[in-house]
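A.B. asks: Could you have a look at this structure, given as C-alpha cells, before my questions?
The values are calculated or read from the model by the stated rules, or taken from the named source; none is laboratory data. All values derive from a computational prediction rather than experimental measurement. Every residue, glycine as well, gets a Cβ built from its backbone with ideal geometry; the counts of neighbours run over all protein chains shown. For the accessible areas, the whole protein counts, side chains as well, though only heavy atoms, and no ligand, DNA or RNA atoms are used. Shrake-Rupley method; radii C 1.70, N 1.55, O 1.52, S 1.80 Å.
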Amino acid sequence: MQNDTLFVFILIGVAGVLMASNRVRFDVVALLVVLALSLSGVLTVEEAIAGFGSPVVALVAGLLVVGEMLSRTGVARVVGDWVLKRGGESEARVLVLLMGCAALLGSVMSSTVVVALFIPVVLRIAAQTRLNASRLLIPLSYAALISGMLTLIGTTPNIVVHEQLRSAGYDGFGFFSFSPVGLAVLAICILYILLAGRHMLGAPVSEPTRDDRGKSLRDLWGQHNPWGRYQKVCVGEHSLLAGKSLEDARLDTEYKVRVIGVLRRSGTGRRRIASPAADTELSPGTTLLVFGRPEQVDRLARDQVLVKVPYSPADRERWRWDISGAAVLIHPDSQLLGESLRECGFRSKYGIHVLGIRRNGKALEDFEDALLHTGDSLFVVGAWARVQQLSQHAHDFVVTDLPREHRESVPQYNKIRLSLLILAGMVALTLFNIVPLIPAVMIAALAAVFTRCLSMEEAYRAIPWSSLVLIAGMLPLAYALEKTGGIDLVAATLMRLSADAGPYMLMTLVFFLTASIGLVLSNTAAAVLVAPIAIAAAAAIGASPYPFAVAVVIAASSSFSTPVATPVVTLVVEPGHYVFADFLKVGLPLLLLTYAVTLAVTPLLFPF
C-alpha cells in the first residue's frame, strides 16, 4: 500500500471518529478534509475544491428549494390532516396511512422536512385518540427514510450514485429506476411494524398527558373574552347591508360585532379575505365571519335582514390558515396608554381586531371603551402576516403568547395547486428525458419563485448551507481514493472476500459496507465512498454495475438502528421519549429485512 493511499484511509478514519463524536460540526470536518487533501499534496488545490462545483451540489440546492415550495404551500399539512381524519382511533390504520403518506411526500421533498411537519400531526392524533405517540413516531421516521428509495430525487445519496455512474461512463438512473425495490421495502416495513415493530415500543394506549405545545387560539380567546363567539351570517339580496361597505355598515359601533373575515364568490370559486379592509363592499351572497356575543349577533341579523349560517368544525379548519391571534401586553412606554381602542383607532392602525382585554387576571366585559393601562393583555386576531408584524412595534406592546396554531401555519396555502403543477412538470421533464435532471430541477425552483410560492430570500433560507459544504467537502475523498489506488484496493478486497460465491456475496458486502459507513459518517458520505468502489468491483468481475449501485442507494437510506446517523431519525427522539436501545431492537431486524428484499428484488430489475 502506497503512503498516499494509507494517508487517505487514515483521513477517512479520523473524519469518521470526529463525526461520530458529535463534538465537531460535520461541515467543519468536511472542510478539514479538503485542507488535509490539498496541504498533503494528495490532491492539487483545484482537485480538492472541485466538489464545490459538482453538479450534485447544484442539484441538491435546487431540490431543497422545491421541497420548501411544497412545505410553504401546505402539501404536507393537507396530507397530515387527511391522515388525522381518516385514521380514526385504529392504530393499525393510522400507521398504514402515516407511513404511506410520509414515504410518498419524502420521495419528492426533504424527508427531514416531512418528519418535522408530521410530528405535530402525530402528537395531535395521540392527544385526540390516546394512542401512544411512541408507537407512531419511529415508524414515521423509518417511512421517511424509505422515501429516499422511491425516486431519484428522494435523497442526496441517490444523486451521488447517479453521478458516479455517469462519471464512470454508464447511463445514470431514471427517475423511477429503483422505485420497485423501494416499494417492496416499504411494504415489508409496514408489515413488520404492524406485526412486530410497534409491539416493542410500549403500550398501545397512553395515559392522558398535558399538552406541551402551548396555548391554542381557543385558550387565548377564553382567557380574554369568554362571552364572545364566532358565527357566520350571509348577506342576502334583501339585506339592508347589501351594497354598503364595512365602514358604512358600522357593525362595530352599533352592535359591537366585529367582521373577522369575508367569504365571497368569484369567477374561480370562493375567496376568503381575513381582516377585510373598511372599504370592502358587502354584495349579496357574501358570507361574513363575525365575532360577538350571541345576543348581539342575533340582533344584527334581525335588524339588517341577514341569514345566520352554522359555523362548523370544517369552517374552523378552513379559516385557521387565514386567521391567527396573539396575546400582547401594553408596554409601559406605549403611545396607546390612556386611550380606548376606539380613540386610538387600533383596527385602522394595525389592521387587526382586539377581541378582548384581560386586566389583573380578569377579562373586561366592556373592553371597547376601557382606557388602556400598562400590563393590559390584549387578545388580537387578524391575518397571519399582520399578527407577525406586531413584534415590530416593540415600544407599544410585547407579544407574550402566540397560539400553537401559529406554528402550524401555511403561508401560501392558496397556491397549493400551482406547486403541485410545478412538481408534476419537473417530474415529467425528467421522466420523458425532455431535459436533463439538473435543468429540470432549476426550472422548477425558479418557477416556484416566479409564481411567488416563495420569495428568493425564502429560497436561500431553505438551503442548509452546512449540508452543501458537507457534500462538497466529502466528494474529493472519492477522487482521492481513485487517484491513490484506494478504490482498486478495496474492490480487490471485496472480490477476494466474495471469492467464488458470485455476485450475490459481492452485493451483500457492498450493502453492509454502505450501511456501516452510513452509521459512522453520514449516508451521503457512505454513497460518495462506496459507489465508485461498487462500480469498480462490478467491472472487475464482468458484471453490470447497476445492481451494486442500487444496493448502495438502498443501504444508504437504511439507517434504522441508531438515532444519530440522520436527522430524519434524530427528530423523533425527544417527542417519542426514546432511548438508544429502542432503535436497536426495532431497527436491526428491519435492516436485515431490507437487505433480504434488496437481494431478492434488485437482480430481477437489473440482472448481473
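A.B. asks: With respect to Arg264, determine if the residue is modelled with pLDDT under 80, open to solvent by 40 Å² or more (accessible area, probe 1.4 Å) and outside any loop (DSSP other than H, G, I, E, B).
C.D. replies: Answer is yes for this residue.
A.B. asks: Read through the list (1) modelled with pLDDT of 85 or more; (2) among the acidic types (Asp, Glu); (3) open to solvent by less than 40 Å² (accessible area, probe 1.4 Å), then give the number of the only condition that Glu408 fails.
C.D. replies: It fails just one condition, (1).
A.B. asks: Next question. Considering only residues that are at pLDDT 80 or above and either touching a Ser or Thr at 6+ places or on another chain (Cβ under 7 Å) or at positive phi (or both), look in the range 106-125 and name the one that is surrounded by the fewest Cβ atoms within 10 Å (Cβ to Cβ).
C.D. replies: Looking at residues that are at pLDDT 80 or above and either touching a Ser or Thr at 6+ places or on another chain (Cβ under 7 Å) or at positive phi (or both), I get Ser107.
A.B. asks: Is it true that some residue in the range 185-208 is modelled with pLDDT under 65 and exposed (fewer than 13 other Cβ atoms within 10 Å of the Cβ)?
C.D. replies: yes
A.B. asks: Kindly establish whether Thr514 is open to solvent by less than 50 Å² (accessible area, probe 1.4 Å) and in contact (Cβ under 8 Å) with a residue 12 or more places away in the chain.
C.D. replies: Yes; evaluated as a whole, the condition is true for this residue.
A.B. asks: Please give the number of the condition Leu35 fails out of (1) over 20 Å from the mean Cα position of the chain (by Cα); (2) buried (at least 17 other Cβ atoms within 10 Å of the Cβ).
C.D. replies: Only one criterion in (1) over 20 Å from the mean Cα position of the chain (by Cα); (2) buried (at least 17 other Cβ atoms within 10 Å of the Cβ) is unmet by Leu35, namely (2).
A.B. asks: Still on this structure, I have one more. Filter the range 7-27 down to the residues that are in contact with a Ser or Thr (Cβ under 9 Å, 6 or more places away or on another chain) and at pLDDT 85 or above and list them by number.
C.D. replies: Passing the criteria: Phe7, Leu11.
A.B. asks: Going through the range 321-340 one residue at a time, which ones are open to solvent by 20 Å² or more (accessible area, probe 1.4 Å) and of a type in the set (A, V, I, L, M, F, W, C)?
C.D. replies: If the condition is that a residue be open to solvent by 20 Å² or more (accessible area, probe 1.4 Å) and of a type in the set (A, V, I, L, M, F, W, C), then Trp321, Leu329, Leu337 are the ones that fit.
A.B. asks: Quick one: how many residues across the range 48-71 are over 12 Å from Ile159 (Cα atoms), open to solvent by 30 Å² or more (accessible area, probe 1.4 Å) and among the aliphatic types (A, V, I, L, M)?
C.D. replies: Total meeting the criteria: 3.
A.B. asks: In the set Val45, Val96, which member is more than 18 Å from Ser107 (Cβ to Cβ) and either open to solvent by 50 Å² or more (accessible area, probe 1.4 Å) or within 26 Å of the chain's Cα centre (by Cα) (or both)? Outline the logic, then answer.
C.D. replies: Numbers: Val96 fails: more than 18 Å from Ser107 (Cβ to Cβ).
Exactly one residue qualifies, and that residue is Val45.
A.B. asks: Is it the case, given these coordinates, that Ala168 is closer than 27 Å to Leu475 by Cα, in contact with a Phe, Trp or Tyr (Cβ under 9 Å, 6 or more places away or on another chain) and small (Gly, Ala, Ser)?
C.D. replies: Numbers: closer than 27 Å to Leu475 by Cα: yes; in contact with a Phe, Trp or Tyr (Cβ under 9 Å, 6 or more places away or on another chain): no; small (Gly, Ala, Ser): yes.
In short, no.
A.B. asks: In the list Leu593, Leu584, Leu599, Leu588, which residue meets the criterion of being closer than 20 Å to Ser111 by Cβ and either in contact with an Asp or Glu (Cβ under 8 Å, 6 or more places away or on another chain) or surrounded by fewer than 20 Cβ atoms within 10 Å (Cβ to Cβ) (or both)?
C.D. replies: The unique qualifying residue is Leu593.
A.B. asks: Name the residues in the range 70-86 that are touching a residue at least 40 places away in the same chain (Cβ under 8 Å) and more than 9 Å from Ile416 (Cα to Cα), would you?
C.D. replies: Restricting attention to the range 70-86, the residues satisfying the condition of being touching a residue at least 40 places away in the same chain (Cβ under 8 Å) are 70-78, 80-81, 83-84.
Scanning the range 70-86 gives Ser71, Ala76, Arg77, Val78, Gly80, Asp81, Val83, Leu84.
A.B. asks: A further question follows. Looking only at residues in the range 549-581 that are small (Gly, Ala, Ser) and part of a helix (DSSP H, G or I), which one is surrounded by the fewest Cβ atoms within 10 Å (Cβ to Cβ)?
C.D. replies: Going through the qualifying residues, I end up with Ala581.
A.B. asks: Restricting attention to the range 354-384, and to residues there that are closer than 23 Å to Ile273 by Cβ and open to solvent by 20 Å² or more (accessible area, probe 1.4 Å), which single residue is modelled with the highest pLDDT?
C.D. replies: If we take residues in the range 354-384 being closer than 23 Å to Ile273 by Cβ and open to solvent by 20 Å² or more (accessible area, probe 1.4 Å), then Ala383 is modelled with the highest pLDDT.
A.B. asks: Go over the candidates Leu489, Leu477 one by one and state the one that is modelled with pLDDT of 75 or more, among the aliphatic types (A, V, I, L, M) and open to solvent by 50 Å² or more (accessible area, probe 1.4 Å).
C.D. replies: Result: Leu489 is the single residue among Leu489, Leu477 that is modelled with pLDDT of 75 or more, among the aliphatic types (A, V, I, L, M) and open to solvent by 50 Å² or more (accessible area, probe 1.4 Å).
A.B. asks: Also, I was wondering about something else. Name the pairs: first residue in the range 351-373 and of a type in the set (Asp, Glu), second residue modelled with pLDDT of 80 or more and open to solvent by 40 Å² or more (accessible area, probe 1.4 Å), Cβ to Cβ under 7 Å, at least 6 apart or on different chains?
C.D. replies: Glu368/Lys256
A.B. asks: Anything in the range 412-448 that is farther than 25 Å from Arg166 by Cβ, buried (at least 16 other Cβ atoms within 10 Å of the Cβ) and free of Cβ contacts under 8 Å to residues at least 60 places away in the same chain? List them, or say none.
C.D. replies: Ala447
A.B. asks: Which residues, counting only those in the range 59-95, are over 30 Å from Val441 (Cα atoms), touching a helix residue (DSSP H, G or I) at 6+ places or on another chain (Cβ under 8 Å) and in a helix (DSSP H, G or I)? Break it down stepwise before answering.
C.D. replies: First, the residues of the range 59-95 that are over 30 Å from Val441 (Cα atoms): 84-95.
When the remaining residues are screened for being touching a helix residue (DSSP H, G or I) at 6+ places or on another chain (Cβ under 8 Å), the result is 84, 86-89, 91-95.
Those that are over 30 Å from Val441 (Cα atoms), touching a helix residue (DSSP H, G or I) at 6+ places or on another chain (Cβ under 8 Å) and in a helix (DSSP H, G or I): Leu84, Arg86, Gly87, Glu91, Ala92, Arg93, Val94, Leu95.
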